[in-house]
Amino acid sequence: MAKPFLSIERLTQQFPDGAGGTLTVFENASFGVEKGEFVCILGHSGCGKSTIMNILAGLAEPTSGVVKMDGMHVSGPSLDRGVVFQNYSLLPWLSALKNVTFGVSARHKGWSKAKVEEHARAYLAMVGLEGDVVHRKPSQLSGGMRQRVSIARAFANQPKLLLLDEPFGALDALTRGTIQDELIKVWSQTEQTVFMITHDIDEAILLADRILLMTNGPLARVAESVDITIPRPRNRTEIVEHPNYYAIRNHLVQFLGQRSKDLAGHGSDGQDQRPETVHIDKAAHAEADVDIEPEGAHLRAVND
Amino acid sequence: MIRNFDARSALLSVLILISGLAIWHFATHVPETGPVGVVLSAEQTDTLLGNNMAAEDIEFYASQGVAFPQLEQIAALNLSRETIEMAGGIRALGISVPDANSAPAPGSLFPSPAKIGVELWATITDPFYVAGTNDMGFGIQIGYSLLRVIIGYTLAAAVAIPLGFLIGMSPLAYKALDPYIQVLKPISPLAWMPIALFTIGDSELSSIFVIFICSLWPMLSNTAFGVASVRSDWVNVARTHELGTLRTALTVILPAAAPTIVTGMRISIGIAWLVIVAAEMLVGGTGIGYVVWNEWNGLRLDRMIVAILLIGVMGMLLDAAFARLQRAVSYVE
Ligand SMILES: Nc1ncnc2c1ncn2[C@@H]1O[C@H](COP(=O)(O)OP(=O)(O)OP(=O)(O)O)[C@@H](O)[C@H]1O
Ligand SMILES: [Mg+2]
C-alpha cells in the first residue's frame, strides 16, 4: 500500500511531569491522512490533541517518531502547513486585511503590493468579510469575525495541509454554523487536506470524512478511525435524517463516554499504535436488504 | 457630556490656579505701611511752639512718626527743616526714631506672583539674549540642557534598544545579564558623576555621560522584558509563515513589544530631564540647572522661580511627545 499523503510514524511525546518524573502523553502513535481528506480528531481535554497538532505544524519536536508529508520529513514550520490557532493568534496591531496580507506576502515574496492586497481581499470576501470591516483591528472585531480572519489568513496561503485547533470553540451556535459552512465551501473548492481538532461531535460528523478518536491521557492513543458514511454536500438539518447519522453519533458518544476511559493508560509495549478502522454504513445494508427505488441521493450515500 | 466634562475640568484648573496665585500673592504681599503719625496734645504743641519750632515742622515730623520727646530734641537744635534734611535727616543728627513707627514693615523676601510675572514676561519676550557668560537668556540655557539630554539620550537608545532586543530574544542572555541590570539600574545617576569626572575629565562630556547612563537602564530593561514576553502565539505565526529572524524581529516582535519599549523610553526621558538639572548644578557653566543654582547664589529668587517653571514646562513637553508616541504604537489585544 502506498504511503498516505501525511504519515505519522511511531510518534512519542514525553514531558517532565513537574514532580521529577516524566509524563508520556502518547507513545508510538501511528496514523495517516490521505490527500484532500478532511479529518477531525476527537478526545477529552488534555489527551494530547494540541500536542499532536503542534508536531504536525512543526512548531514542536516530538520526543521520538517522525511525521512525513509527501514523503518529506517535517522538521520545523512551513508555509505548506497552514495553522489556525485555537485563540485565533491574529496580530492585534494590524488590521484584518493586514493580518491576511502579512501571510500572503510571506508566501508570495515577488508579488506587488496591489496583487497581495487583491488576493487577501478575495479570501476575506470568501469568509464573508468585505467593505470597511477589513480595516478594523482584531480588537474591534467580534469573535466570529476574528476567527474568519484567521481562517482567511490560513486559506489565502493555499497550504497543502490545513491544521485547525478547535477553531470554533469560543463561538455561539449561529456564528459557528455560518463559519462551518464557509470552511466547507472553501475546502471543497480547493485540493487541501484538513486536520481539525474539535470537541463537538456534531460538528465533526458534519465536516469530516473521517474522525480519529483519542483515548484519555496519559498514554493516550488514537484508538479508532471512524469513516463518516454520509454523502456530501451535507446540510446540518438534513444529515440527522440520514440512517447512518445516529449510528455513527452513538458510536462516538459511547466511545467518549466509556471506552476512552477503558482503553486509556496502556503502554504500547514497543508496538505501533494504529487506530482501528470503524466503518458504519446502515444505508448500504438497507439497500442490500430492501430494494428501495434507486434514487441517486441514496446511491451516492454508499461511500465505499 | 465629554465636552462638558472637559470644560468643567478646565474651569476647575483655572480656579485652582487663581486661588494658588491668590494665596501666594497674600503670603508675599507687603502692605503699604507708611510711618504711623503721632498725635500731639495741644499742651505738647504749645511747648514745641514755645521752643521756637515752626508749626509746619511740628506737623511734618509728627506725621513721620516722631514722638514728643524727640520733637523736643529737634526743637532744641533750633534748626530749620531744610537744614536738618540737608544734613541727612534727623537720624543723622543723632535723634533716635523708633523703627516700628517710621520704617515700612519688613516685607517677604520671596517674590510675589506679580514680580515673577514681570520676570517671566521678560524671559518670554527676549529668551535668547547674551549679556555675558553668566547672564544669558533662559532660552539659550534651556537649549544647552536640551542638547545634552538629546545627545545622551540618543546614545542610550542606540545602545539599549538593540541590546535589549538581543537580551530579550535569548533567554540565556536574559538570565545571565539580569543581575547586572538589576544592580546597576537603581544607582542614582549622580553617583556616576565622580567616576565620570575622574575618567572623562571634561565636565560637558561627564554630564552627557550621566544622562546616557540614567537613560540606559529603563530602556534596556523594558526592551528586554517587552521582547521576552511577546506572546509565543505571535512568534508561532511568524514561524508558520517561514519568516527569517530579522523579519520576525521587525514585523512581529518589534510591534508587539513597542508599547513596552516606548514606556521605557518615556521613563528614561523623564529621568534624564530630572538628572540634567542636578548634573548642571554640580558641574556648572551653562544650562538651566546651572541657572537655578546661579540665581539662588545671587538671591535673584524671581529669576530662579522662572527658571524652575521653565524646567517644569519643558519636562511636560518632553513627556507629552512620548505619550503621543506611546499612543501611536499601542494596541488592544
Ligand atoms: N509544554 C508542556 N510541558 C509539560 N506538559 C505539557 C506541555 N504541553 C502539554 N503538556 C501536557 O500534555 C498533555 C496534553 O496536552 P494537550 O495540550 O495536547 O491537550 P489537548 O488534548 O489539546 O487538550 P484540550 O482539549 O484541553 O486542548 C496535558 O496533560 C498537558 O498537561
Ligand atoms: Mg488543545
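If you take all other residues with their beta carbon under 12 Å from the beta carbon of residue A:9, and give Lys and Arg +1 and Asp and Glu -1, the sum is +3.
Backbone amide hydrogens, once placed in the peptide plane, bring residue A:210 within less than 5 Å of A:38, A:40, A:228, excluding anything fewer than 5 places away on its chain. Modelled this way, with points 7 Å down the Cα-to-C-beta line, the labels at residue B:43 and residue B:329 are 9.1 nm from one another. For region B:226-246, the residues whose backbone nitrogen is under 20 Å from a point 7 Å from the Cα of residue A:111, taken along Cα to Cβ, are B:237-244. Counts of other chain beta carbons within 10 angstrom of each beta carbon in peptide B:252-259 average 2. The calculated FRET efficiency for residue B:91 paired with residue B:30, based on their beta-carbon distance and R0 = 22 Å, is about 0.50.
Label reach from residue B:183 (point 7 Å along Cα→C-beta): in region B:158-176, amide nitrogens under 16 Å belong to B:175-176.
Let me know the mean shielding of B:234-247 by other chains, meaning the per-residue number of their Cβ atoms within 10 Å of its Cβ. The partial results should precede the final answer.
Details: counts 6, 2, 8, 12, 4, 7, 20, 13, 8, 4, 0, 0, 0, 1.
Counting Cβ atoms of other protein chains within 10 Å of each residue's Cβ and averaging gives 6.
Measuring from centroid to centroid over Cα atoms, what is the spacing of region B:228-265 and region B:128-185 in Å? Here the answer is 25 Å between Cα centres.
To the nearest whole number, what is the average tally of beta carbon atoms from other chains within 10 Å of the beta carbons of peptide A:86-92?
The shielding value for this peptide is 5.
Just check chain A against the gyration tensor rule for me: Cα atoms, a ≥ b ≥ c as the square roots of the eigenvalues, rounded for a/c under 1.5, and otherwise prolate or oblate depending on whether a/b exceeds b/c. Judged from the Cα gyration tensor, chain A comes out oblate (a/c at least 1.5, b/c at or above a/b).
Only the Cβ atoms of Lys and Arg (+1) and of Asp and Glu (-1) were treated as charged; on that basis the dipole of region A:176-240 about its Cα centre amounts to roughly 40 debye.
Under the simplified labelling scheme, the residue A:259-residue B:81 pair shows an inter-label distance of 12.7 nm, with each label point 7 Å from Cα along Cα→Cβ. Comparing B:193, B:250, B:222 along the charge dipole axis of region B:177-333, the residue lying farthest to the positive side is B:250, per the Cβ-charge model.
Counting helices only, and only those DSSP H runs with n ≥ 4, report the 222 nm mean residue ellipticity of chain A as the sum of -39,500 (n - 2.57) divided by its residues, in deg cm²/dmol to the nearest 500. The partial results should precede the final answer.
Details: 9 runs with 99 residues, N = 304.
Value at 222 nm, helices only, nearest 500: -10000 deg cm²/dmol.
Annotation: lysines with alpha-carbon distance below 25 angstrom to residue A:3 (same-chain offsets under eight excluded): A:35, A:49, A:68, A:160.
Report, for the protein assembly as shown, the % of DSSP beta bridges that are antiparallel, rounded to 5.
DSSP beta bridges in the protein assembly as shown are roughly 50 percent antiparallel.
If you take all other residues with their beta carbon under 13 Å from the beta carbon of residue A:92, and give Lys and Arg +1 and Asp and Glu -1, the sum is +3.
Considering only DSSP states other than H, G, I, E and B, which chymotrypsin sites (Phe, Trp or Tyr not before Pro) in region B:157-195 qualify as loop sites with at most 15 other Cβ atoms within 10 Å? Numbers along the way, then the final one.
Numbers: sites: B:165, B:174, B:180, B:192; in loops: none.
Listed in order of number, the matching sites amount to none.
Only Lys, Arg, Asp and Glu carry charge here, each on its Cβ (+1 for the first two, -1 for the last two); on that basis the protein assembly as shown has a dipole of about 1640 debye about its Cα centre. For residue B:274 and residue A:282, what does the FRET efficiency come to when R0 = 60 Å and r is the distance between their Cβ atoms, rounded to the nearest 0.05? Calculated transfer efficiency: 0.15. For region A:1-104, GluC sites (Glu not before Pro) meeting the loop criterion (DSSP other than H, G, I, E, B) and having at most 15 other Cβ atoms within 10 Å: A:34.
A simple spin-label model places the labels of residue B:16 and residue A:73 6.7 nm from each other, with each point 7 Å out along Cα-to-Cβ. Near residue B:280: Cβ cut-off under 11 Å, other residues only, Lys/Arg at +1 and Asp/Glu at -1. The net charge is 0. Taking GluC sites (Glu not before Pro) across region A:105-150, the ones in a DSSP loop with at most 12 further Cβ atoms lying within 10 angstrom of their Cβ are A:130.
Throughout, read-outs are computed from the coordinates displayed, never taken from laboratory work. Computed from a prediction, not measured in an experiment: that's the story for all the values here. Note: ideal-geometry Cβ built from the backbone for every residue, glycine included; neighbour counts use all protein chains shown.
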